[in-house]
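Just so it is clear, none of the values below were taken in a lab; they were calculated from the coordinates. These figures come from a predicted structure and were not determined experimentally. Every residue, glycine as well, gets a Cβ built from its backbone with ideal geometry; the counts of neighbours run over all protein chains shown.
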Amino acid sequence: MARLKDVCRHVRSKNAGPFWVTFDLFFDGPENFRRYHAHPALGPDLFHRLFGADPALVRHYPVPSLNMVKISHARTSPQGGVVERDMHCGQQYVRLLDIELT
Amino acid sequence: MLDGPIKILVPTGSLGAGAREEEVRYGISRGAHAIATDAGSTDSGAAYLALGISKNNRGSVKRDLTILMREAAKAGIPLIVGSSGQAGGDRNVDWTRDIVLEVAGELGLKPRIALLYCEQEKAALKRYNAAGKIRPLPPLGALEDATIDDCDHIVAVMGAEPYIAALAAGADIVLGGRTTDTAVLASYALLKGAPAGPAWHAAKIAECGGQCAVNRLEGAGALISIGPDGFEVEPLSLSNRCSPESVSAHMLYENSNPFLLVEPGGVLDVTGADYAQRDERTVTVSGSVWKPQPYTMKLEGAGSRRFQTIMLIGIQDPVVLARVDEFHDKMLAALHDRVHKTIGPAAGDFHISLRLYGWNAVTGDRPPPGTAPPREVGVLFVATADSQEMASQIAKACNPYFFHFPIVMDEELPSYGFAFSPADIDRGPVYEFLLNHVIEVDDPMELVRTVWIDLSQGEAA
């Protein structure tokens, strides 16, 4: 059974303006990109479960030329709010690494 | 259009980050027609717009400006700076203007300086709102006038047009308020008649200077050359190189959609762009498309509605750490109870959070059962209330419980490690971005004010 970190060479997260966060999943090659970039385990429900995201505001953008998929979602609390823990969202990708792609 | 491509030297990802003299000289030796850089973004949070201050220290901005103003003047090319002073509000622009005037005096330069202001009056925005000219962007809803009132400062993010007008009028230095990074870098090429698709795409690729190169840590700047059929990009550091992957990957950066970039007067569409290695260090890009759209400017507004007081302790007690989630929950409940009993309803709609650094502070999620205890945690206490005084009172009420809360009730009270006295720190307002809306304008200059300082005439014009 593959976990995300086993099939990606790089995973990162970053704020995309104060109201959105974006995750970049760079797969380790075209084969794993094709096999996993649209995997249901990486769907809107995952971002709802982990980050409370509204599933209707989770967007997937595959970029085949880079063997990557960009996944963006609206933040539940805008950057810098009362409950802010990660202003740049730069650590949020870590929770994706062990997601199982069965 | 000039003969041949139009070359824009982007010295650094952001003014104050560290322009390098040798790189700037190299770019000018390659025939740069203008130097352009942004000086900020929303990235570092809302405080910089709300307070009108820069994230950078004055010295680092002055150092970069000294290099750029001297080399630009020597070469006789314009220097274009956008999002001045981090947030690009009027105060941020003025802070940058004062540094520019100081550097000009020290270098004996007499430039014509155009200042582009884009901060907005609340009353005017309410009129636009009433006229239905302000639209929300997801995830926010329709704009309430009360939200406009909650903002300390509001800017309308500029496009390229105010820069084009200032450059056409003969500015040697343009200092703009808040602007899209791309508009700052594209403006000179657009003025000279470069095709819009390549001009905007090149600007997006070079917005972070040398970050579009293979080695992101090597060098600071990039040179973009925009021609009729596309553009080329090379890093200013001779020991670095661009590759088709490093360049195309930059479209991903801090952007929710990797193919479309919405700008004030249109959309850059790079879906059909082709990236090819031209020589060892240079990538050539074709197929970028600009699609004009009705002119809109994004509004950014920052303000504070709540206040925080913080405290910090360190815990190495192995009994606590073996039951750290239980400890968190029990302490949090006890702190709430303490506030209710000692302050009561006067505490208002307060909020307390405990963030366990060394365990789960960055996300707040609960580690899976069986996760080994940490050697130590730092616990950050954050009280939020409607006034600084109340946040401070809540922290003081919680103080003895926060420093001595036991996990085992029948033993002597523990004391956790705290480093400061007094232990509670008033952190100040919680600054937030309150707007995510666009405003429709008939004229790109409608919300922009241009002020000239012509040092060649010896005084402000």
Point to revise | Selection from B:Ala194, B:Ser286, B:Ala39 lying farthest towards where the dipole of the protein assembly as shown points positive, charges on Cβ | key: B:Ser286
Check your understanding: On average, how many beta carbons from a partner chain sit within 10 Å of the beta carbon of a residue in B:256-262?
Key -> 5
Check your understanding: Averaged over B:222-229, how many beta carbons belonging to a partner chain fall within 10 Å of each residue's beta carbon?
Key -> 0
Check your understanding: To the nearest 20 debye, what charge dipole does the stretch B:302-433 have about its Cα centre, counting +1 at the Cβ of each Lys and Arg and -1 at the Cβ of each Asp and Glu?
Key -> 240 debye
Check your understanding: Taking the Cβ of B:Ala385 as the center, what net charge do the other residues with Cβ under 14 Å away carry, scoring Lys and Arg +1 and Asp and Glu -1?
Key -> -1
Review point. Fewest first, what order do B:Val93, A:Val82, A:Val63 take by the number of other Cβ atoms within 10 Å?
Key: A:Val82, A:Val63, B:Val93
Check your understanding: Quick one: of the DSSP bridges fully inside the protein assembly as shown, what percent are antiparallel, nearest 5?
Key -> 85 percent
**Study point:** Per-peptide average of other Cβ atoms within 10 Å, ordering A:5-15, B:154-164, B:178-188, B:374-384 highest first
**Key:** B:178-188, B:154-164, B:374-384, A:5-15
Check your understanding: Can you give the mean number of other chain Cβ atoms that lie within 10 Å of the Cβ atoms in peptide A:46-54?
Key -> 1
Point to revise | Dipole magnitude of the stretch B:1-120 about its Cα centre (Cβ charges: Lys, Arg +1; Asp, Glu -1), debye to nearest 20 | key: 240 debye
**Study point:** Calculated FRET efficiency for the pair B:Asp3/B:Leu380, C-beta based, R₀ 60 Å, to 0.05
**Key:** 0.50
**Study point:** Assigned charges on the beta-carbon of Lys, Arg, Asp, Glu; the protein assembly as shown dipole about Cα centre (debye)
**Key:** 520 debye
Point to revise | Residue pairs, from the table B:Lys341/B:Lys396; B:Lys74/B:Lys204; A:Lys14/B:Lys62, whose Cα atoms sit over 21 Å apart | key: B:Lys74/B:Lys204; A:Lys14/B:Lys62
Review point. Structure shown: which of A:Lys70/B:Lys291; B:Lys7/B:Lys192; A:Lys70/B:Lys55; B:Lys192/B:Lys291; B:Lys133/B:Lys298 lie over 21 Å apart, alpha-carbon to alpha-carbon?
Key: A:Lys70/B:Lys291; A:Lys70/B:Lys55
Check your understanding: If the viscosity is 1.306 mPa s and the temperature 10 °C, what translational diffusion coefficient in µm²/s does Stokes-Einstein give for chain B when Rh comes from Kirkwood over Cα pairs?
Key -> 65 µm²/s
Study note, to complete from the structure: Going from the fewest other Cβ atoms within 10 Å to the most, one would list B:Glu119, B:Glu254 as B:Glu254, B:Glu119
Review point. Going by average Cβ neighbours within 10 Å, how do the peptides B:341-348, B:63-70, B:309-316 rank, with the highest at the top?
Key: B:63-70, B:309-316, B:341-348
Point to revise | Residues of the stretch B:124-158 with amide N under 20 Å of a point placed 7 Å along Cα→Cβ from B:Asp349 | key: B:139-152
Check your understanding: Taking the Cα centre of chain B as the origin and placing charges on Cβ (Lys, Arg +1; Asp, Glu -1), which of B:Leu447, B:Met331, B:Pro111 is farthest toward the positive end of the dipole?
Key -> B:Pro111
Point to revise | Cβ-based exposure ranking for B:Lys122, B:Lys110, in which fewest neighbours within 10 Å come first | key: B:Lys122, B:Lys110
